[in-house]
1. For the residues LEU27, LEU129, what sequence is obtained by ranking on other C-beta atoms within 10 Å, fewest first?
2. Using θ = phi - 60° and the Karplus form 6.51 cos²θ - 1.76 cosθ + 1.60, what ³J(HN,Hα) does each residue of the stretch 58-73 get, whole Hz, x for Gly and Pro?
3. Sort PHE74, PHE131 by Cβ crowding within 10 Å, fewest neighbours at the top.
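FYI, it's all coordinate maths here, none of it is from the lab. Values in this document were obtained by computation on a predicted structure and should not be read as measured data. Glycine also receives a Cβ, built like all others from the backbone with ideal geometry; neighbour counts cover every protein chain displayed.
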Amino acid sequence: MAQTVPTVVTPHSALPPQAEPLDRKRLFNAFTLTPMLAGFYPAIFLAEPMVLPLGLVLSYVSAALFGLPLVVFFDRRGVREWWMYVAGGALCSVPTVALYALAPLPDYLLPFGPIPVLGLLFWGASSGLVFWMIGIAGDSPVSLRTLFDPVEGKKAGVLPASSESAGRTDPAAAPATHPGTGQRRR
């Protein structure tokens, strides 16, 4: 009589759960907008407008050379956690930190040291969070119009749930979808 050996699946041998593919339009918007914010951070927070052009160039180059492959890697692995994108954003700012350490600095920039380096890493990490919010988080469609025109939802007939149901006493009487978009309510 042949004896079968039971198969034991450990947490390390289990395959990762299959995640849905990322929405390319949302990713395009995230890759377009997020480096722009990273370029503006030093100009706004440090009151250094001379840094803006250099910051924009560095942030877009870093997003193209390091951020894009990292997002492809995360997508193939099914990674959707916000903290991984925050860490990835900080990782993408490391080449800028290296350039900051090695390149000759103009007089208007702070000298290389721990505080400016932590600032660059923080800006990279916050850019990773913004990228995750625009490109990864949630299941609602994101477009430039929804990001920059808060009145658009009101034009389409989509009102916040509190104002729509303010006059209703029976929650079952509320429609199951938003009037303008046809998306399910949460």
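1. Numbers: LEU27 19, LEU129 16.
Going from sparsest to densest Cβ surroundings: LEU129, LEU27.
2. 5, 5, 6, 5, 5, 5, 6, 7, 10, x, 4, x, 5, 5, 4, 4
3. Ordered from fewest to most neighbouring Cβ atoms within 10 Å, PHE74, PHE131 come out as PHE74, PHE131.
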